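Asker: For reference, the structure I am asking about is given below.
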Amino acid sequence: MPREVDEVPDWEKIVIRKRAQRNALLPSYWTLHPPTNNASFSPLGEVIGSGILSRDELDITDTAKYDLTETANRIATGVMSAETVVTAFCKRAAAAHSLANFLTEINFKGAIARAKELDKFFQETGRVVGPLHGIPMTIKDAMDLKGFAASEGLTPLADSIAPDNGVLIQILINAGAVIISKTNMPQTGLAADSDSILWGRSLNAHNSKFGAGGSTGGEGVSMATGSSLFGIGSDGAGSCRMPGHANGVVGFRPSGYRLPAGGRSLSWSPGREGLGPVPGEGFLAHSVRDVRLVSKVVSDARPWDRSSIHLFPSPWRNETAPIKPRIGIWDVESSNTYIHLFPPVLRGYKAAVARLREAGFELVHFNPPDIGGVWGLYKQFALFQGIEGITEFISKEPITEIVRRTGIFIPDTPRFPISVQTLYELNIKLQNLTIAMDEEWNRSGQPFDVLLSVAAANTALPYDEWIDTSYTAIYNVVDFPAISLPLNMTVDRKIDQKDENFQAFSAEDKRLEALYDPETFHGLPLSVQLAARKFEDEKLLAIAELIHPIMREH
């Protein structure tokens with residue numbers, strides 16, 4: 001029997017209303033229906049093969065052919081109008097979302113209207129408003145877009161309307177960017193799979209039975225399905241790099257305090273900055289050069305002049321990569337890595353290293369510190385970073401499986417006492433990791449330029465299984481800029497068999513190894529991760545742009 005209205009809990013009423021509002025903004029003739037046989041499918045493949053996009057629309061939204069940089073040039077030279085570009089991406093986003101569920105607050109109508117204004121300006125003046133003129137972007141749900149809610153995946157915040165654009169978002173809009181939608185994230189934002197009570201689960205762009213990663217998972221899917229030319233997210237423990245890795249796109253974490261905030265500081269976050277690993281905003285993109293371009297746009301806007309709180313004054317340095325940079329090679333088979341790499345991840349990493357060696361780069365062995373406690377350190381610091389506010393919000397709705405399994409709000413071990421002494425002890429652990437990284441970086445007598453590692457021991461994982469974030473979180477702990485780089489390689493069921501001699505390093509290692517199956521994981525993308533020293537963002541991006549084409553499979 002149907003429930004009486006009064007029997008429907010408040011959170012469910014909010015979910016029904018918000019999803020209905022979202023669906024009303026999706027033109028039905030732009031949407032698709034997922035396969036009904038419950039078999040896995042590729043949302044990206046379905047969109048491309050569906051026929052819903054015209055030949056011209058498929059070409060315009062072919063991000064392998066036209067990334068942000070190339071599209072901006074086409075608009076600036078009059079080859080394409082902003083309206084044509086923005087409309088094509090809105091249509092593709094609607095089609096992809098109907099299969100993968102990654103959009104939240106939709107702004108198609110406003111985006112197309114803004115594109116028309118930009119075209120009018122171009123026609124009247126013969127110039128663009130800025131380097132991002134007419135570029136369609138999506139932004140994580142936590143970011144502030146004026147007139148839209150910033151719920152962070154929580155029903156109590158479903159109507160938390162932003163009075164203004166976030167500082168970062170306004171800089172991009174001033175440069176000509178057009179925000180077409182906001183994208184999904186996990187309940188609380190503190191999980192590595194993007195599922196929320198409010199908006200539901202986002203699916204991996206390549207396999208519907210796998211998660212999108214998190215916490216900027218919606219952006220990972222948006223980029224990988226060709227629904228946007230650039231994505232704005234946040235990265236507190238790998239939240240841009242993990243979805244980039246899971247979906248096969250670029251994910252970037254700058255040094256802390258280089259990007260201004262994209263949204264408001266909600267009730268749990270004021271005062272947490274400076275305690276523990278360094279969170280901050282980040283990017284997802286189709287190319288390294290796009291990340292360089294947008295990073296420069298933000299730096300050139302000098303946001304630190306407006307507010308110096310938690311911002312490092314950092315005018316853009318137009319650095320070029322050394323002809324032959326020295327590259328540290330993380331020993332991924334050391335027991336200090338805590339988790340064995342999945343066979344395809346190891347194959348991809350070794351292929352990238354081999355290609356760099358064949359190209360004549362100087363490669364230096366890097367023996368990593370023990371990273372087995374990195375994720376635990378994160379969860380301990382969360383107690384000092386104001387999670388009580390989030391705890392109050394999630395008490396008003398069911399808790400998702402991935403948030404439960406992450407162990408921050410429902411700990412799997414007893415809480416330790418929250419005291420100043422405990423905070424001191426956690427800081428000592430953090431500092432010791434930083435010291436260990438610094439010492440190994442310089443052990444050869446000459447520091448290397450960048451460090452190559454992996455973004456995760458695993459590929460994308462089935463729903464609610466991505467718990468540990470050690471390989472990305474280590475760079476938040478030591479506050480090094482880092483970028484995940486897709487290899488244009490995928491899991492191959494014929495090659496990437498399970499290791500018959502596997503012996504687990506840890507309980508988490510054993511759990512992950514049991515999940516891996518060459519048949520079901522077939523076709524998932526592979527990536528590597530590149531990092532540099534603190535505040536060497538320009539150097540990192542210059543070298544990444546140099547070596548990424550060499551590491552990729554062609």
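Asker: Could you check segment 69-78 and list, in sequence order, the residues that are free of Cβ contacts under 8 Å to residues at least 24 places away in the same chain and either of a type in the set (D, E, K, R) or open to solvent by less than 30 Å² (accessible area, probe 1.4 Å) (or both)?
Answerer: Filtering segment 69-78 down to residues free of Cβ contacts under 8 Å to residues at least 24 places away in the same chain leaves 70, 73-74, 77.
Answer for segment 69-78, where residues must be free of Cβ contacts under 8 Å to residues at least 24 places away in the same chain and either of a type in the set (D, E, K, R) or open to solvent by less than 30 Å² (accessible area, probe 1.4 Å) (or both): Glu70, Arg74.
Asker: Among the helices (runs of 4 or more DSSP H) lying completely within segment 1-113, list those that include at least 1 residues that are of a type in the set (Ser, Thr, Tyr).
Answerer: Details: elements: 10-24, 43-49, 55-60, 68-76, 82-100.
Passing ranges, in order: 68-76, 82-100.
Asker: Would it be correct to say that Glu465 is open to solvent by 20 Å² or more (accessible area, probe 1.4 Å), within 18 Å of Val353 (Cβ to Cβ) and not basic (Lys, Arg)?
Answerer: On the way: open to solvent by 20 Å² or more (accessible area, probe 1.4 Å): yes; within 18 Å of Val353 (Cβ to Cβ): no; not basic (Lys, Arg): yes.
The answer is no for Glu465.
Asker: I'd like to verify a number: residues in segment 307-337 that are under 15 Å from Leu452 (Cα atoms) and not polar (S, T, N, Q), how many?
Answerer: Taking segment 307-337 and keeping what is under 15 Å from Leu452 (Cα atoms), we get 324-334, 337.
Keeping just the survivors that are not polar (S, T, N, Q) gives 324-333.
Going through segment 307-337 one residue at a time, the tally reaches 10.
Asker: Report, by residue number, each residue of segment 293-341 that is touching a strand residue (DSSP E or B) at 6+ places or on another chain (Cβ under 7 Å) and aromatic (Phe, Trp, Tyr).
Answerer: Result: Trp330, single match.
Asker: Out of all the residues in segment 318-357, which are part of a loop (DSSP other than H, G, I, E, B) and aliphatic (A, V, I, L, M)? Full working, then the answer.
Answerer: Applying the first criterion (part of a loop (DSSP other than H, G, I, E, B)) to segment 318-357 yields 318-325, 331-334, 338-342.
Within segment 318-357, Ala321, Ile323, Val332, Ile339, Leu341 qualify.
Asker: Under 6 Å between Cβ atoms, at least 6 apart or on separate chains: pull out the pairs that start in segment 492-521 with a residue that is over 25 Å from Ser40 (Cβ atoms) and end on any residue that is open to solvent by 60 Å² or more (accessible area, probe 1.4 Å) and outside any loop (DSSP other than H, G, I, E, B).
Answerer: Short answer, once both residue conditions are applied: Ala504/Lys510; Phe505/Ser335.
Asker: If you don't mind, there's one more thing I want to ask. So if I check each of Ala113, Ala96, Ala100, which one is crowded, with 24+ Cβ neighbours inside 10 Å and either more than 28 Å from the chain's Cα centre (by Cα) or over 18 Å from Phe230 (Cβ atoms) (or both)?
Answerer: Working: Ala113 fails: crowded, with 24+ Cβ neighbours inside 10 Å; Ala96 fails: either more than 28 Å from the chain's Cα centre (by Cα) or over 18 Å from Phe230 (Cβ atoms) (or both).
Every option except Ala100 fails the conditions.
Asker: When only residues in segment 348-389 that are more than 30 Å from Glu425 (Cα to Cα) and under 23 Å from the mean Cα position of the chain (by Cα) count, which is surrounded by the fewest Cβ atoms within 10 Å (Cβ to Cβ)?
Answerer: Initial filter on segment 348-389 (more than 30 Å from Glu425 (Cα to Cα)): 348-365.
Subset that is under 23 Å from the mean Cα position of the chain (by Cα): 348-349, 352.
On the way: Gly348: 27, Tyr349: 24, Ala352: 26.
This residue is Tyr349.
Asker: Would you list the strands (runs of 3 or more DSSP E) that sit entirely within segment 447-554 and hold 1 or more residues that are in contact with a Phe, Trp or Tyr (Cβ under 6 Å, 6 or more places away or on another chain) and polar (S, T, N, Q)?
Answerer: Values: elements: 450-453, 482-490, 525-531.
Where strands (runs of 3 or more DSSP E) fall fully within segment 447-554 and carry at least 1 residues being in contact with a Phe, Trp or Tyr (Cβ under 6 Å, 6 or more places away or on another chain) and polar (S, T, N, Q), they are 450-453.
Asker: Follow-up question, since we're still on this one. Could you tell me whether segment 364-381 includes any residue that is touching a strand residue (DSSP E or B) at 6+ places or on another chain (Cβ under 6 Å) and in a loop (DSSP other than H, G, I, E, B)?
Answerer: Checked against the condition, which is being touching a strand residue (DSSP E or B) at 6+ places or on another chain (Cβ under 6 Å) and in a loop (DSSP other than H, G, I, E, B), segment 364-381 yields at least one hit.
Asker: Scanning for something farther than 23 Å from Ile390 by Cβ and in contact (Cβ under 8 Å) with a residue 12 or more places away in the chain, does segment 147-157 turn up at least one residue? Break it down stepwise before answering.
Answerer: Taking segment 147-157 and keeping what is farther than 23 Å from Ile390 by Cβ, we get 147.
Now narrow it down to the ones that are in contact (Cβ under 8 Å) with a residue 12 or more places away in the chain: 147.
Among the residues of segment 147-157, at least one is farther than 23 Å from Ile390 by Cβ and in contact (Cβ under 8 Å) with a residue 12 or more places away in the chain, which makes the answer yes.
Asker: Only one of (1) at pLDDT 95 or above; (2) in contact with a Gly (Cβ under 6 Å, 6 or more places away or on another chain) fails for Pro279. Which number is that?
Answerer: Looking at each condition in turn, Pro279 falls short on (1).
Asker: When only residues in segment 293-311 that are in contact (Cβ under 8 Å) with a residue 40 or more places away in the chain, assigned to a loop (DSSP other than H, G, I, E, B) and within 25 Å of Lys539 (Cα to Cα) count, which is least open to solvent (accessible area, probe 1.4 Å)?
Answerer: Leu311
Asker: Just name the residue that is nearest to the chain's Cα centre (by Cα) out of those in segment 146-171 that are part of a helix (DSSP H, G or I) and not β-branched (Val, Ile, Thr). Walk me through how you get there before you give the answer.
Answerer: Applying the first criterion (part of a helix (DSSP H, G or I)) to segment 146-171 yields 155-157, 167-171.
If we keep only those that are not β-branched (Val, Ile, Thr) too, we end up with 156-157, 168, 170.
Values: Pro156: 24, Leu157: 22, Leu168: 16, Gln170: 20 Å.
Here the residue is Leu168.
Asker: Among (1) over 20 Å from Ala542 (Cα atoms); (2) at pLDDT 95 or above, where does Leu356 come up short?
Answerer: (1)
Asker: Further, regarding this structure: Condition first: touching a helix residue (DSSP H, G or I) at 6+ places or on another chain (Cβ under 9 Å), within 25 Å of Val374 (Cα to Cα) and buried (at least 20 other Cβ atoms within 10 Å of the Cβ). Now tell me which residues in segment 312-344 satisfy that.
Answerer: Ile327, Gly328, Trp330, Val332, Thr337, Tyr338, Ile339, His340, Leu341, Phe342
Asker: Taking the options Tyr66, Tyr29, name whichever one is crowded, with 16+ Cβ neighbours inside 10 Å, free of Cβ contacts under 8 Å to residues at least 12 places away in the same chain and at negative phi. Step through it out loud before you land on a result.
Answerer: On the way: Tyr29 fails: crowded, with 16+ Cβ neighbours inside 10 Å.
Only one candidate qualifies: Tyr66.
Asker: Give me a count of the residues in segment 172-201 that are open to solvent by less than 20 Å² (accessible area, probe 1.4 Å) and outside any loop (DSSP other than H, G, I, E, B).
Answerer: 12
The values are calculated or read from the model by the stated rules, or taken from the named source; none is laboratory data. These numbers were taken from a predicted model, which means no experiment stands behind them. Reconstructed Cβ throughout: ideal geometry from the backbone, glycine too, with neighbour counts over all protein chains shown. Just the protein is used for accessible areas: all its heavy atoms, side chains included, with ligands, DNA and RNA removed. Shrake-Rupley method; radii C 1.70, N 1.55, O 1.52, S 1.80 Å.
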